[in-house]
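Student: To start, I am sharing the structure in question, which I have written as structure tokens.
The values are calculated or read from the model by the stated rules, or taken from the named source; none is laboratory data. Since the structure is predicted, the reported quantities are computational estimates derived from the model, not experimental observations. Every residue, glycine as well, gets a Cβ built from its backbone with ideal geometry; the counts of neighbours run over all protein chains shown.
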Amino acid sequence: MGAGKSTIGPILANTLGWNFYDLDKVIEEKVGKKIKEIFAEEGERYFREIERKILQELSGGENLIISLGGGTMANQTNLDILKNSGEVIYLKVSPEAVFKRLIHKRDRPILKIDSEDNFNSNELMNRINRLYNERQKYYEQADITVDTDNINVGKTVDKIAKLIVKLKAG
């Protein structure tokens, strides 16, 4: 969450000449509702079931980049699907950088506190740290880790593209 997946993913796919899918956008198209609405009306459990099903469908393809929601990989079944279908790239970002990137965003359902959009900076930082700590053990199982804290988008894309080309060749 806040690592730059939705920005880096399409640029990377374009650079490689591959297809790009933003998993959350695909879910919204198939369900006909925004992620925020799905969470509010159906709950996280329902969302995660739909997410897993669509991830399974997408992961069967070749030469594609899939941008995942921050919680997608924080599930061993999803992680196994991903690892069996290609390389998993973790865009690593510190909780402090996530905080800076998300301080003015309120469209992340997982960041809601007691169904309130209004929460203070300390609550936001606590929530980010909690999610980071819960998810880290899954993220660390990625095949490639790229730190995005202090690297611009262009350099990040170049770095990942070179790694992917090297993996495909070798």
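Student: What number goes with the only condition from (1) of a type outside the set (Lys, Arg); (2) more than 19 Å from LEU131 (Cβ to Cβ); (3) assigned to a loop (DSSP other than H, G, I, E, B) that ALA74 does not pass?
Tutor: Only one criterion in (1) of a type outside the set (Lys, Arg); (2) more than 19 Å from LEU131 (Cβ to Cβ); (3) assigned to a loop (DSSP other than H, G, I, E, B) is unmet by ALA74, namely (2).
Student: Pick from segment 59-84 the residues that are surrounded by 16 or more Cβ atoms within 10 Å (Cβ to Cβ) and among the β-branched types (Val, Ile, Thr): which of them is farthest from SER6 (Cα to Cα)?
Tutor: Only one residue tops the list, namely ILE81.
Student: Sticking with this one: Return the residue satisfying two criteria in turn: it lies in segment 85-105 and is in a loop (DSSP other than H, G, I, E, B) and surrounded by fewer than 14 Cβ atoms within 10 Å (Cβ to Cβ), and of such residues it is modelled with the highest pLDDT.
Tutor: ILE103
Student: When you go through (1) crowded, with 16+ Cβ neighbours inside 10 Å; (2) within 29 Å of LEU163 (Cβ to Cβ) one by one for ILE38, which number turns out not to apply?
Tutor: Every listed condition holds for ILE38 apart from (2).
Student: Mind checking which pairs have a first residue in segment 132-151 that is closer than 13 Å to PRO95 by Cα and in contact (Cβ under 8 Å) with a residue 24 or more places away in the chain and a second that is among the small types (Gly, Ala, Ser) and not in a loop (DSSP other than H, G, I, E, B), Cβ under 6 Å, 6 or more apart or different chains?
Tutor: ASP149/ALA97
Student: Going through segment 1-22 one residue at a time, which ones are assigned to a helix (DSSP H, G or I), surrounded by fewer than 20 Cβ atoms within 10 Å (Cβ to Cβ) and either among the hydroxyl-bearing types (Ser, Thr, Tyr) or under 9 Å from the mean Cα position of the chain (by Cα) (or both)?
Tutor: Passing the criteria: SER6, THR7, THR15.
Student: I'd like the full set of residues that are of a type in the set (A, V, I, L, M, F, W, C), within 21 Å of ARG127 (Cβ to Cβ) and not in a loop (DSSP other than H, G, I, E, B), limited to segment 26-71.
Tutor: Residues satisfying the conditions are ILE35, ILE38, PHE39, ALA40, PHE47.
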